[in-house]
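Okay, structure first, notes after.
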Amino acid sequence: MLESSTLFHYVTIIFVTALPALCAALGQARSSKAAFEARRIQPAAEQEISILVIAGNALTETSALIGLLVGFMLLTTQHTTTNMYWAHLSELGILAAIGITGGIVAYMSSYPTQASLRALARQPFFSEKIQIFTIIMQSIMQTPIIMALIVALTIRNQSFSAACLNDSLRLIAAGIAIGLGSIGPSLGLGSFLQESCASLGINRLSYSKIISFSFLSEAIIGASVIFSLIISVSILNASSIQTDSYLQGIGFLSAALCMGLGTLGVGIGLGKIAKKVSQALGINPELYSDISKTSIVAQAFIEAQTLYAFIVALGILKNI
């Protein structure tokens with residue numbers, strides 16, 4: 001039992017640090033490659049390109065730094081022998097929260113930077129607005145990993161008092177809810193913002209339309225992560241039954257999977273719609289009113305699927 005406990009502990013430390021770092025490195029490599037291509041196309045904009053790639057890579061690094069912080073905190077955590085097994089098992093919830101969220105956010109947040117570098121090469125006299133737009137949008141993309149950090153720290157604090165399997169499964173479920181719940185929205189946001197940044201390189205007159213539409217769409221897509229956070233917090237605030245039966249723990253995991261998987265298709269679908277609208281606005285910004293209204297209606301119907309999953313997940317928690 002002690003060996004299993006140690007395995008859980010060190011597996012969590014390894015992957016909570018390595019997954020965000022790996023994905024951040026891959027994203028930064030792609031951004032750096034895009035920067036070299038942009039310099040080749042537009043040598044005169046070398047300074048602007050350098051500023052943008054440095055800022056973009058720094059924001060991509062956010063998840064890796066958070067993973068490093070959490071990994072170091074786990075490495076220096078001391079549990080008593082009486083609760084060590086359940087505490088270390090509970091740490092798998094931290095792995096789900098930081099490892100999954102950090103990895104997907106780190107990789108997808110590099111997409112806007114890559115597209116903006118190419119846009120800057122096409123529109124060097126529009127570089128300042130492209131830089132500002134990219135940094136703002138990429139900063140907002142870091143929201144899921146901040147939410148995951150809050151959940152992870154709460155799991156860590158509660159793991160000290162874990163005393164049975166139901167306690168551990170509850171904390172693991174809290175991490176799964178925010179971890180899985182971040183995948184779809186992050187994929188959707190990354191692909192959508194990539195197209196938004198690319199559209200600025202096609203038509204700089206579309207800037208005001210694209211930035212207003214981007215803020216609105218980011219709020220809609222990001223709402224799915226907020227629902228997942230609410231379920232995570234609800235699970236963390238629930239009380240576990242001290243019994244040999246693990247059915248309550250299965251209930252917590254069911255609620256987490258319901259919410260996490262419920263956001264997957266929604267986030268990707270919303271991202272695809274927003275991406276197509278950004279393409280259209282880059283070509284015909286004068287059609288903003290009609291296109292945006294149609295898009296919002298479509299996004300509202302898709303977002304409703306997240307609400308359904310949220311209601312069912314709450315129902316599961318209520319009946320545990």
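Restricting 89, 200, 171, 117 to those that are in contact with a Leu (Cβ under 9 Å, 6 or more places away or on another chain), closer than 17 Å to residue 215 by Cβ and part of a helix (DSSP H, G or I) reduces the list to 200.
Residue-level check: of (1) assigned to a helix (DSSP H, G or I); (2) in contact (Cβ under 8 Å) with a residue 60 or more places away in the chain, residue 64 misses just (2). Every listed requirement among (1) within 30 Å of residue 199 (Cβ to Cβ); (2) among the β-branched types (Val, Ile, Thr); (3) out of contact with any Gly (no Cβ under 7 Å at 6 or more places or on another chain) is met by residue 231 save one, (1).
Screening 297, 312 for residues that are free of Cβ contacts under 8 Å to residues at least 60 places away in the same chain, within 20 Å of residue 220 (Cβ to Cβ) and over 19 Å from the mean Cα position of the chain (by Cα) leaves exactly one candidate, 297.
Taking the numbered list (1) modelled with pLDDT under 95; (2) within 30 Å of residue 197 (Cα to Cα) in turn, residue 249 passes all entries but (2).
Among the residues of the range 159-212 satisfying the criterion of being under 21 Å from the mean Cα position of the chain (by Cα) and among the polar types (S, T, N, Q), which is nearest to residue 240 (Cα to Cα)? Break it down into steps so the answer makes sense when it comes.
Restricting attention to the range 159-212, the residues satisfying the condition of being under 21 Å from the mean Cα position of the chain (by Cα) are 171-197, 211.
Now drop any that are not among the polar types (S, T, N, Q), which leaves 182, 186, 191, 194, 196.
On the way: 182: 26, 186: 31, 191: 40, 194: 43, 196: 46 Å.
Per the stated criteria, the residue is 182.
Just the residues that are buried (at least 16 other Cβ atoms within 10 Å of the Cβ) and over 30 Å from residue 228 (Cα atoms), please, taken from the range 279-307. Of everything in the range 279-307, those that are buried (at least 16 other Cβ atoms within 10 Å of the Cβ) and over 30 Å from residue 228 (Cα atoms) turn out to be 280, 281, 282, 285, 288.
Condition first: in a helix (DSSP H, G or I), closer than 30 Å to residue 172 by Cβ and among the small types (Gly, Ala, Ser). Can you find one or more residues in the range 39-56 that meet it?
So in the range 39-56, the residues in a helix (DSSP H, G or I) come out as 39-41, 43-56.
Then keep just the ones that are closer than 30 Å to residue 172 by Cβ; that gives none.
The answer is no; no qualifying residue exists.
Scanning the range 223-272 for residues that are among the hydroxyl-bearing types (Ser, Thr, Tyr), buried (at least 18 other Cβ atoms within 10 Å of the Cβ) and assigned to a helix (DSSP H, G or I), which turns out farthest from the chain's Cα centre (by Cα)? Residue satisfying both the conditions and the ranking: 234. Condition first: assigned to a helix (DSSP H, G or I) and within 23 Å of the chain's Cα centre (by Cα). Can you find one or more residues in the range 280-292 that meet it? Among the residues of the range 280-292, not one is assigned to a helix (DSSP H, G or I) and within 23 Å of the chain's Cα centre (by Cα), which makes the answer no.
Which members of the range 33-54 meet the condition of being under 27 Å from the mean Cα position of the chain (by Cα) and surrounded by fewer than 17 Cβ atoms within 10 Å (Cβ to Cβ)? Show your work before the answer.
Filtering the range 33-54 for residues under 27 Å from the mean Cα position of the chain (by Cα) gives 33-35, 49-54.
Those that are under 27 Å from the mean Cα position of the chain (by Cα) and surrounded by fewer than 17 Cβ atoms within 10 Å (Cβ to Cβ): 33, 50, 51, 54.
To keep it simple, each residue is scored yes or no on (1) within 30 Å of residue 87 (Cα to Cα); (2) touching a helix residue (DSSP H, G or I) at 6+ places or on another chain (Cβ under 7 Å); (3) modelled with pLDDT of 90 or more.
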{"position": "171", "(1), (2), (3)": "yes, yes, yes"}
{"position": "174", "(1), (2), (3)": "yes, yes, yes"}
{"position": "193", "(1), (2), (3)": "no, yes, yes"}
{"position": "200", "(1), (2), (3)": "no, yes, no"}
{"position": "204", "(1), (2), (3)": "no, yes, no"}
{"position": "210", "(1), (2), (3)": "no, yes, no"}
{"position": "217", "(1), (2), (3)": "no, yes, no"}
{"position": "221", "(1), (2), (3)": "no, yes, yes"}
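The values are calculated or read from the model by the stated rules, or taken from the named source; none is laboratory data. Nothing here was measured: the structure is a model prediction, and the numbers come from that model. Note that each Cβ is placed from the backbone with ideal geometry, even for glycine, and that neighbours are counted across all protein chains shown.
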